[in-house]
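The values are calculated or read from the model by the stated rules, or taken from the named source; none is laboratory data. Please read these numbers as outputs of a predicted model, since none were measured by experiment. Here the Cβ positions follow ideal geometry from the backbone for every residue, glycine too, while neighbour counts run over all protein chains shown. These accessible areas exclude ligands, DNA and RNA; they are computed on the full protein's heavy atoms, side chains included. Shrake-Rupley method; radii C 1.70, N 1.55, O 1.52, S 1.80 Å.
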Amino acid sequence: MTTAKPLEGGPQVVTHGHGPLAALGLRTSALVEILLFLAAALLIGAILGVPDRFADVSPHPFWIIVLLISSFYGVSNGLLAAGLSTAALLAGNTPEQAFDETASVWLARETMLPLMWFLAALALGSIRDGFRRKFDDLSAKLAKTQQQAEGIAEAYERLMQGQICLQEQVASQSLTFSRLYEASRAVSCQRCGEVLLGAIDLVCAVLSPSKSSIYLLNGSELEAALCDGWEQQDCFPSHIPAGTALFEAIVTRRQVLSVDRPDDENCLRAHGLIAGPLVDPRTGEVFGMLKIEQVAFADFNFVALENFRIVCEWIGTSLAAAISIEERTEPATHTPAASREAA
C-alpha cells in the first residue's frame, strides 16, 4: 500500500507499505497497470486478428508499458514490466526453429526483443531511481530546513514578546517610581488625616491592589477609616473587635499576615489577602492596620509581601511623626481616631 505524506509548503514524500512486493521494491499499482495494459493489448490484437501477438509489428506495442513503468517507478518495476511482457509475448507463442537456422541464431532472434526491454528497463529505471533518491534527499532537507525555520521563528517571537514585556516593565517601573515619589510626599504630612489619605495613594503606587483599607485602633476594636475599591456587594467587616483572631494577631502580636500561609489563613478568613499593623517604630504603639482585600494574581508574590511590610512601616512612621507634631500643637487631637474625626 502506498501513502503520501505532505510537507507544509513543499513536495510530497512517498512511502511504501509493508508486504512481499514492497520488500522487493515493487509497487502494487505498477503491477496492476502492467497486467491491465498487457490484457488490453492482447485483447485488441485478438479482435484485430494480429498474428503472433504483434511479433511482426515494429516497434512492438509492449515497448509502451516497459518504458512507462521504468520511467515512473524505477528499475525493479521496469524489470517486472519487461518480464511480464516477455511472458505475454512468448508464453505458448514460441516460434519453431527454421530448418536452415542454427540453435544459437534462433535463440538470439527470439530473445533479442525481451533483452532490449530488460536493458531499457535497467537504463531508464536507474535514471528514475537516481532522481527519486535526489528528490527524497531534497525533501528531507527541505523538511529539516522548515523545522529549523519554524524554530527560529518561534524563538524570535518569544524574544520579541520578552522584549515587549521588558519594555512594559520598565515603563511600569518608571510610572511606579513617579507615583511612589508623589505618594511618599503625600504621606510626609503634619496631620494624621492627610497621612491617611496619602497612605492610600502610597499603597496603590507600590502594591496596585484592587481593594484595600486602613483600620485605626479605636478603644478595644479596629475601625475602618479609609476603604479603597470596596463595592456594595462586599461584606468586609468595618469593625474588628478585641478577642478575634485577626485583632489579636495584628494588635497584640504585631504580625504581618498573608493568606498563602496556613496559620495566617485562619485569621484572614473573610477579611482579605494580606494584613499588617501600623506601628510606631520608637515606642511599639499600634495605631491600626493596613489590609489588602484583592490584588491581581501576578502581583501577589514574595516581593509584594516584603513591599507590604515596608509600606506598613512607612505609614506607621508617618503617623507617629504626625501625632507627635499634633501633640505639640493641638493636644486635643493626639490620637489617630481623633485626627480621623477631625479630618
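Odds and ends about this structure:
- Out of Ala224, Ala171, sole residue that is modelled with pLDDT of 80 or more and out of contact with any Gly (no Cβ under 6 Å at 6 or more places or on another chain): Ala224
- Within segment 124-138, the set of residues being free of Cβ contacts under 8 Å to residues at least 40 places away in the same chain and either under 9 Å from Gly78 (Cα atoms) or open to solvent by less than 60 Å² (accessible area, probe 1.4 Å) (or both) comprises Gly130 only.
- Options Leu26, Leu36: the member that is open to solvent by 80 Å² or more (accessible area, probe 1.4 Å) and either under 30 Å from Lys134 (Cβ atoms) or at pLDDT 85 or above (or both): Leu36
- Remark: Met116 falls outside the filter, which requires a residue to be exposed (fewer than 11 other Cβ atoms within 10 Å of the Cβ) and in a helix (DSSP H, G or I).
- Residues in segment 305-319 that are open to solvent by 10 Å² or more (accessible area, probe 1.4 Å) and either without any contact (Cβ under 8 Å) to a residue 12 or more places away in the chain or not polar (S, T, N, Q) (or both): 6 in all.
- For segment 186-211, a tally of residues being assigned to a helix (DSSP H, G or I), over 39 Å from the mean Cα position of the chain (by Cα) and modelled with pLDDT of 55 or more returns 10.
- First in segment 73-89 and not charged (D, E, K, R), second anywhere and not in a helix (DSSP H, G or I), Cβ under 7 Å, 6 or more apart: Tyr73/Arg27; Ser76/Leu24; Ser76/Gly25; Ser76/Leu26; Asn77/Leu26; Asn77/Arg27; Leu80/Leu26
- Tally, over segment 42-60, of residues that are of a type in the set (D, E, K, R) and outside any helix (DSSP H, G or I): 1
- Whichever residue in segment 286-304 is touching a residue at least 24 places away in the same chain (Cβ under 8 Å) and assigned to a helix (DSSP H, G or I) and, among such residues, is nearest to the chain's Cα centre (by Cα): Asp299
- Scanning segment 276-303 for residues that are surrounded by fewer than 21 Cβ atoms within 10 Å (Cβ to Cβ) and under 24 Å from Thr252 (Cα atoms) gives Asp280, Pro281, Arg282, Thr283, Gly284, Glu285, Val286.
- Scanning segment 247-276 for residues that are in a helix (DSSP H, G or I), aliphatic (A, V, I, L, M), at pLDDT 90 or above and farther than 20 Å from Leu196 by Cβ gives a single hit, Ala249.
- All of (1) in a helix (DSSP H, G or I); (2) at pLDDT below 90; (3) surrounded by 11 or more Cβ atoms within 10 Å (Cβ to Cβ) hold for Leu142 with one exception: (2).
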